[in-house]
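J.: Let me give you the structure first, and then I'll get to my questions.
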Amino acid sequence: MVRFAELARTAVRQVRSARNLRRRLTRDMRRRATRARVVASLVGARIRGRPVWLLLSGSEPVSPWYARTLRSAAEHRAGAAVFVLDFVPGVTDLPDRLPARRFWLDAAPGGGGSAPRYSTVGCIEGKVGGPDETWRNGYYRDGKPVLTITERGGATIVEDYDGFGEPVRREEIDQDGKLIRLVDLHPSDGREVTHRYLNADGECWLSVWVDPEDGRLGRTQRHRGDVREFPTLRAAQAAWVAGQISGPTPRILVSGRGAEEVAELVKDVVEPSTKGI
């Protein structure tokens, strides 16, 4: 019986090992197939003189392979560009020598980002080792928390608190010191309610409502320039990307789930035959 149990356990381990090997081979074959489709598309784009664009969403860095692909397209005069869709404070990992178009800056009428608004005048700075260790990066007024300032990869995050010490707003400042976005927070739990993007004059040019159930970025209104409403932020970004097309329709690469959604929407706007990779 003991011998039989040992044989059974060995058989189970072998089966599991075979399954894991099959999964790894399947993933590898999928990656190879994707690369083959990209290479074939780039060859066709190069022959027809079509530019190559990468849509980048979230905080996922550009893969080295995508970076080489874009540089190759640029060197062969097909044209290449990176469209950064999401403002993620502190994330700057983009391919060198490639033009990057940032939604929060380039889509804003007159340019995005304004002077920061926060002030620590009349506040007392929290200190390490103080009575409330969590407020060592915060400021007080009349014994109540007013704001916290956090550095993140060169960017600055400022959280404002109301008279009851509850978070009500977050100011997001990029590496160049520009206030890009105001995020309104629900005082009961600190969850995000709306995103408000600012232009160079400090005016809100784009408002995005956050779904309270799943946190998805939903209804979006553009208040300056081409005033209109979109069902989602991704739809607004797709309209911006599609508006950049002049001449041959670009071959679109994507990195990130949000970028995939934008690419599909761009395809619907421009022409049904445009296909993302």
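Computed from the coordinates by the stated procedures, all read-outs in this text should not be read as laboratory data. Source: prediction; values computed, not measured. Positions of Cβ are backbone-derived with ideal geometry, glycine not excepted, and every protein chain shown enters the neighbour counts.
J.: How long is the gain from V168 to D142 if the chain were fully straight, where each residue apart is worth 0.36 nm and the alpha carbon distance is subtracted?
T.: 7.5 nm
J.: Now, a different point. I need the phi-derived Karplus couplings for segment 254-262: 6.51 cos²θ - 1.76 cosθ + 1.60, θ = phi - 60°, integer Hz, Gly and Pro marked x.
T.: With coefficients 6.51, -1.76 and 1.60, one gets 9, 9, x, 4, x, 5, 4, 5, 5 Hz.
J.: Let me ask something else about it. Taking θ = phi - 60°, what integer Hz values does the Karplus form 6.51 cos²θ - 1.76 cosθ + 1.60 yield along segment 175-190, in sequence order, with x for Gly and Pro?
T.: For segment 175-190, the Karplus curve yields 5, 8, x, 9, 6, 8, 8, 10, 10, 7, 10, 6, x, 6, 9, x Hz.
J.: Which value in nm describes the separation of the simple spin-label points at S119 and R216, placed 7 Å from the Cα toward the beta carbon?
T.: 4.2
J.: Residue by residue through segment 216-227, which ³J(HN,Hα) values in whole Hz follow from phi under the Karplus form 6.51 cos²θ - 1.76 cosθ + 1.60 (θ = phi - 60°), with glycine and proline marked x?
T.: 6, 7, x, 3, 10, 10, 9, 9, 10, x, 7, 5
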